[in-house]
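All remarks here apply to the structure that follows.
Every number here is computed from the coordinates shown, using simple stated rules; none is lab data. Note that the structure is predicted; figures quoted are calculated from it, not measured. As a convention, Cβ positions derive from the backbone with ideal geometry for all residues, glycine included, and neighbour counts pool all protein chains shown.
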Amino acid sequence: MNPEFIDINDFRARMETLRRTGMNFLRDIIGMDWGEEGLGAIYSLENTSTGQVLQTAVRCCDREKPSIPTVCDLWSVAELYEREVYDFFGIHFAGHPDMRRLYLRNDWVGHPLRKDYNEDEAINPIRMENEIPEDVQRPYELAEDAEMEISDKLTNKIHGDQYIINIGPQHPATHGVLRFRLALDGEEIRKIDIHCGYIHRGIEKMSEKMTYPQILALTDRLDYLSAHQNRHALCMCIEKAMGIEITDRTQYIRTIMDELQRIDSHLLFLSCAAMDLGAITTFIYGFRDREKILDIFEEVTGGRLIQNYNTIGGVQYDITPDFAKKVKEFCQYQKGKLQEYNDVFTNNIITRKRMIGVGILSYDDAISYGCTGGTGRASGWACDVRKRHPYALYDKVDFKEIIYKNGDCYDRFLVRLDEIVESIHIIEQLIDNIPEGDYKVKTKPIIRIPEGRYSASVEGSRGEFGVFIESKGDKSPYRIKFRPMGLPLVAAMHKILKGAKIADLIAIGATLDYVIPDIDR
Amino acid sequence: MFDFSTITTAIDQFLHSVLPSQAALLVECILVALCAVLAYVMLAIVMIFMERKVCAAFQCRLGPMRVGPWGLLQVFADVFKMLIKEIISIKNSDKVLYNLAPYLVVMSSVLTFSCLPFAKGLQVLDFNIGVFFIMAASSFGVLGILLAGWSSNNKYSMIGAVRSGAQMISYELSIGLCILSIVALSGTMQISELVAAQADGWFIFRGHIPAFVAFIIYLIAGNAETNRAPFDLPEAESELTAGFHTEYSGMHFGFFYVAEFMNLFIVAGIASTLFLGGWTPLHISGFDSFNTIMDYIPGVVWFLGKTFFVIWLLMWVRWTFPRLRIDQVVSLEWKYLVPIGLLNLLIMTLCVVMGWTF
Amino acid sequence: MEMKKPAIKSIPYEEFKDNETLEKLLNELNKERTNVIVGKLDDIINWGRSNSLWSLTFATSCCGIEFMAVGAARYDFARFGFEVTRNSPRQADLIMVAGTITHKMAPVLKRLYDQMAEPKYVVAVGGCAISGGPFKGSYHVLNGVDKILPVDVYIPGCPPRPEAMLYGMMQLQRKVKIENFFGDKNRKHNSNDIPNEPIIVTNVPITPNENSEEQ
C-alpha cells in the first residue's frame, strides 16, 4: 500500500479531518529518512467501525531542523510515538508538550536511524556515569571554598515537593527493565513518567544492514513470548512482497504454532500477574503447565523459548509424527488445569478485591491509545487482527473473539484466561486435518524484495504486531519498522493510573501484560 | 504430667548452696538467657526449613534436596553464609538507629518468646499479668521496623515502614480483644494458670462459638502482626523490592529474617496456649483410658505439635493468598475485625456471666 | 602436591568441563598452604557459601524467562540451595546477568553490582551478556558484560537451557569451594594478583536423572 503524501502545510488540517471522519485508531507512526528528499513520517490509520485502512505520509525537507506538526492531541498514543521518532530521527514535532528522547540517554549524540548517523564508538562510548534526569538541574559549584550544591529544581513534569520514587529499571514487578518515575502523595500516585530504552538494542537499525533471512532471527527476540507470531508477521510480509504462495500444510502448522504460543504467553501472563499480586503458588502452577507447551516446541523446533521456526516460504522443519497426539494430549490436560487456576487464584476474594474496578481503561481511551490485544478487548474494543484482517487460516476456523466491557484489571485478566480456551478450540479444529504436502516452498537463494512499501500484521500474544518494510530492491530493507505491542499499553499507563495506589500500579502493570524488549526493540 | 519446675528448683537450690545469692542469680540469668537464645535459634532454623519444604510441597516442587539428606543442612549453610556476609553501612543514614533497629526487632521477639510455656514449669517468665506482658513486649517490635525504614535513607524502606506502622498498630487491637475474651473466660492473666485451666477442656471447646470466633480473628490479626502474606505489605516483594529491610545486608538482614519466622512461631504459640490448651493433652470427658494414654505424651510434644499445626495453617494461607492493598488492610481491621471482636467480647462476657460455657 | 578437589553431589569431578581453569586458580590460591585449623574453617565457610547462593532478581530479556523457569516446578533450583531470589541487591550473593545489557542499562548494572555485599559473584547468562550475542553490531549494546563486571561463570546459549543454568551454577559452587576466606590469598581482595578466570560452560554433560525430577 502506498501512503497518501500530504504537504506539510496542509498536514495538520488533513489529519484533523481524518480524525473527525472516524479514523480513530492510529496504528503506528513510522519515522522515515528518505535521504535527499528529506525526513518524514508515515502514519498508519484505521477506522475501527468500518475497518477502512489508510496510510498518510508527510515530508520535511529541512534536514538540519526538521519539524512536523504534532497529532498527539488527536490520538493520545501519538505522544510516545512522536517521541520515538524524535529520538531516532531528530524530527521535532511542533506543539508536542514533552519533546524528549524516549529510548536513548539524554546525552546521546545524534539520531541513530538517520542514514547519515555516525556510528563511531568514540562519539557515543559507554557512559558509566548515571544519567541526570531531564527535569533536575545539573549540579553547579558555588565557589572554590564553598561546598558544592546540587539543586533539585524540577520542571512541571513532576512537581517539586512531592515524594518521588523510582520503580525500575531493575524491579521485580516491571517484567523487565522499564522505569517509572512516580510522584506520590502518601500511597497515591499523582504523576507517572515513563522511561524506556533500557533494553533498546537498535534492531531496526541493525536490520538495515542484514539480509532478510538474517533479520528473521531478530524478530524472535523482540517479544520472546510471541516469538512465533512475530516471525510469522515478517515472513508473511516478505512472502506477500515477493508473491510466494505457501502451502496449506505450512498454513496449518503456522496457525497451530501461533495458538500454542498464545497459550504459552497467556500462561506466563497468569503466572506473573499472580506473582505480582503476591500469590507465588499460582506463579509456579502457570510455569508447570507452560513447560508442557515448551516440550512440544522443543520437539518440533529445537528451541524452548526462541524457536526460530518460521522461515520465508514455510517453516524450518516438518512436524514430528506424534505432534498431533502430543498437542491433543496437551489440550486435554490444559482444559482441566484452567479450573485449578480459578479455584486457587481467580475466584479468590482478595484477587477480586485487588482487580475489580481497578485501573479502568475506557473504550474510547483504549482506541485513542491504540491498546490492542487483550487490553483493548477487555475495554470492549473488538480489535482482534485475526477477525479484522484474517490471515493464515483464521477465516476458516470458528472461534469467538473474547470481549469484556468494564476495562478493569479483572476483565483484562479474564480475557486472557478465556483466550486460552479459544486457542485450544482453534487448535482442536486444525490438529486432525493437517494436510499432506511440503512444509516449505523453494525460494531463491538470495532474497530481494521488489521496490515498494509493504506491511503485514498479526495478532501477537498481547496485541497487534505489525511489520512495515520499505524496500529499494536490495537484499536488505531500506527501512524496517516493527509496531510494538507494548508501547501503546505503556502510553496508556498514566491515564489508567488516575488516583491509583502503588499496589494498583503493580496490578495494572501486571494485567496490561507488556514485554519490555518488544517496547524497546 | 511431669513438672519441669522440680528440675529448675533443684538447680536453683544447688546454685544457692554453692554460691552467694547474688552470684547464683547472675549464673541463673546467664543460663536461662543461653537456653532461651539457643532454643530460639534452633526453632528458627526448624521453621525456615519447614517453610521451604511446605512451600515447595504446595508448589509441586521438592525444595532443598542436595545439602545434607533431604536438604536438612540447607538452613545451616544459609546461616554460615549470612554470618560472614558483609554488613554494609549506608551513606547518609542515621547510623545509630540503623544499627539498632534489627536488634530491637529481635529483642522484642526473644522477650515474647520467653513467655511461652513449653511444658509444665518450662517457662522463663511467668507472673500474674503475663498476658499483658506478652502484648507489651511483642508490640515494640514495630518500633524496630519503623526505625529500620526511617534510618535507611531509602524511599522504599520508608514506605514499607509507614505501611507496617499503620498495619501493626491497627492489628494489635484485634489481638488484644481476642486475648481479652479468653481472659474473660478464664478469669486469669497468668499464663501458667491459663494453661492449667484448660486441663479438662481447651478454651476453644469450652468457650464454643465466641472462643472460635476469637481464634479466627486472632489468626488473621496474628498473621498481620508477623507481616506475612496476605499482609506482607511492609516488605511487599513485587512493590517495594524488600520493603523496610531493603538496605540491610548480612546478619542484620538475618535478624529481620529470623525475627519474622520467630514472630510466626510466637503467634502460633500464643494461639495454642490460649485456645488449644498449650501443653495440656487432649482430654475427652468419659473416655478415661484414652485420657490416660494421652497423658503419657509429654507436654513439650503437645505444645510443639499444636504450635506447628497452627504454623502450618498460616503457611498454607501465606502461600495461597495474594496480597492485600494498604487501604484494604486497614479497612479489614477497622471496619470488620474490631467491631466483630468487640461484639465477640460482649458475647463471651455474657456467656461467662450466664454460665453458658462448658 | 595433593589438592582438595571441590566435590559436587552425584557428579564426579572428572565429568565437569574446564577443570583446567579451576585447577589453575586453585594452584594460585594454594601456593602458600594455610594451616590446618584455618583450612578447616575455610572449608566450613565455603560449604556455607557455596550451598547458599542467593541470586538477585535481575533479568533484562529472554534469558530472564528461562531463569524464572529454573526456579519453577520442573527445574526447581531450590534443590541446590539457590532457594531465594532476593529483590534487594544488599541481600543477594550473586547476580545472574540474564539478557542484553545496553548502553543505558550499563551504569545501572554497575551500580547494582556495587550495591551488593561481599562476597559477590557474577554469572553471565546467554550470548548477549557474554559478547553481545546476536546484537553485537548494534550501536546501543554492550558487547559483553565482562567489560564492566568481573564475571565468574559464563553460560552460553540463546537463551541457555535451564539445565545449562543449573550446570553453570554448580560450576560457580565449585569455584566458591576453593576460595580462601582467611589469609592474604583471598581471591576477591587480591584481584590484582590473581586474574578472575571465568569458567566457560560448554557441552553440558548429561547429569543423573535428578534434572527430570517432577511431581
*Taking +1 at the Cβ of each Lys and Arg and -1 at the Cβ of each Asp and Glu, which of B:Ile209, A:Gly313, C:Ser131 sits farthest along the dipole of the protein assembly as shown towards its positive end, judged by Cα position relative to the Cα centre?*
A:Gly313
*In nm, what is the difference between 0.36 nm times the number of residues separating A:Asn347 and A:Asp10 and their Cα-Cα distance?*
115.9 nm
*Dipole in debye (nearest 20) - chain A, about Cα centre, beta carbon charges: Lys, Arg +1; Asp, Glu -1*: 1100 debye
*Could I have the simple spin-label model distance between A:Lys400 and A:Val53, label points 7 Å from Cα toward Cβ, reported in nm to one decimal?*
2.8 nm
*State the answer as a single residue: which of B:Gly176, B:Thr357, B:Leu125 lies farthest towards the positive end of the charge dipole of chain B, with beta carbon charges of +1 for Lys and Arg and -1 for Asp and Glu, about the Cα centre.*
B:Gly176
_Cut-off 11 Å between beta-carbons: net charge of the residues surrounding C:Gln115, Lys and Arg +1, Asp and Glu -1_ = +2
*Overall form of region A:387-521 per C-alpha gyration tensor (a/c, 1.5; a/b vs b/c)*: oblate
_the protein assembly as shown: translational diffusion in µm²/s, Stokes-Einstein, Kirkwood Rh over Cα pairs, 25 °C, 0.890 mPa s_ = 77 µm²/s
*Using amide H atoms built 1.01 Å from N in the peptide plane, name the residues 5+ places from A:Thr174, or on other chains, whose amide H lies under 5 Å from its own.*
none
*Report ³J(HN,Hα) in whole Hz for each residue of region A:27-43, in order, from the Karplus equation J = 6.51 cos²θ - 1.76 cosθ + 1.60 where θ = phi - 60°; Gly and Pro get x.*
6, 6, 10, 10, x, 9, 10, 8, x, 4, 6, x, 9, x, 8, 10, 10
*Overall dimensions of region B:195-319 as given by Cα atoms, namely Rg and Dmax in Å*: 17.7, 59
*asked:* If R₀ is 45 angstrom, what is the calculated FRET efficiency for the pair A:Tyr163 and B:Phe290, using the beta carbon separation as r and rounding to 0.05?
replied: 0.15
*So for B:Cys351, C:Cys62, B:Cys29, fewest C-beta neighbours within 10 Å to most, what's the order?*
B:Cys29, B:Cys351, C:Cys62
*For region A:4-94, rounded, prolate or oblate, judged on the Cα gyration tensor with a ≥ b ≥ c (square roots of eigenvalues), a/c < 1.5 rounded, else prolate if a/b > b/c?*
prolate
*asked:* Tell me whether region A:203-512 comes out rounded, prolate or oblate; compute the Cα gyration tensor, take square roots of the eigenvalues as a ≥ b ≥ c, and use a/c under 1.5 as the rounded threshold.
replied: oblate
*Please state, rounded to one decimal and in Å, the Kirkwood hydrodynamic radius that region B:43-354 gives when every pair of distinct Cα atoms enters the mean of 1/r.*
20.3 Å
*Computed E for B:Leu173/B:Asp94 - FRET, C-beta separation, R0 25 angstrom, nearest 0.05*: 0.25
*Determine by what factor the alpha-carbon radius of gyration of chain A differs from 2.2 N^0.38 Å, reporting the quotient.*
0.98
*Between C:Thr21 and C:Ile44, what FRET efficiency comes out of the Förster formula 1/(1 + (r/R0)^6) with R0 = 22 Å and r the beta carbon distance, rounded to 0.05?*
0.30
*Whose amide H sits under 5 Å from the amide H of A:Gly197, counting only residues 5 or more places off or on another chain, with H placed in the peptide plane?*
none
*Name the residue, out of B:Ala161, B:Ala101, B:Ala77, whose mean-square fluctuation peaks in a Gaussian network model built on chain B with Cα pairs under 10 Å.*
B:Ala77
*Between B:Met348, B:Met65, B:Met82, find the one with the highest GNM mean-square fluctuation for chain B; connect C-alpha pairs within less than 10 Å.*
B:Met65
*Using θ = phi - 60° and the Karplus form 6.51 cos²θ - 1.76 cosθ + 1.60, what ³J(HN,Hα) does each residue of region C:160-175 get, whole Hz, x for Gly and Pro?*
x, 6, x, 4, 5, 5, 4, 4, x, 5, 5, 4, 5, 4, 4, 5
*Work out from phi, with θ = phi - 60° and the Karplus expression 6.51 cos²θ - 1.76 cosθ + 1.60, the ³J(HN,Hα) of each residue of region B:290-302, listed in order in whole Hz, and give x for Gly and Pro.*
4, 4, 5, 4, 4, 5, 6, 6, x, x, 4, 5, 4
_Where labels lie 7 Å past Cα in the beta-carbon direction, separation of C:Asp114 and B:Val18 in nm_ = 5.8 nm
*Compute the convex hull volume of the Cα atoms of region B:55-166, divide it by the residue count, and report the result per residue in Å³ as a whole number.*
191 Å³
*Built amide H within the under 5 Å cut-off of A:Leu184, gap 5+*: A:Tyr163, A:Ile164, A:Ile165, A:Arg190
*Scanning chain A for helices, which whole DSSP H stretches are 20 Å or more long along the axis (Cα) and average 0.5 or more by Kyte-Doolittle?*
A:409-431
*In a GNM of chain B with a 10 Å cut-off on Cα contacts, which of B:Gln59, B:Gln74, B:Gln123 has the highest mean-square fluctuation?*
B:Gln59
*Please arrange A:Tyr478, B:Tyr171 by counting, for each residue, the other beta carbons lying within 10 Å of its beta carbon, fewest first.*
A:Tyr478, B:Tyr171
*Mind checking the mean number of beta-carbon atoms from other chains within 10 Å of the Cβ atoms in A:270-282?*
5
*At what distance in nm do the modelled label points of A:Glu436 and B:Trp316 sit from each other, each positioned 7 Å from its Cα along Cα→Cβ?*
5.8 nm
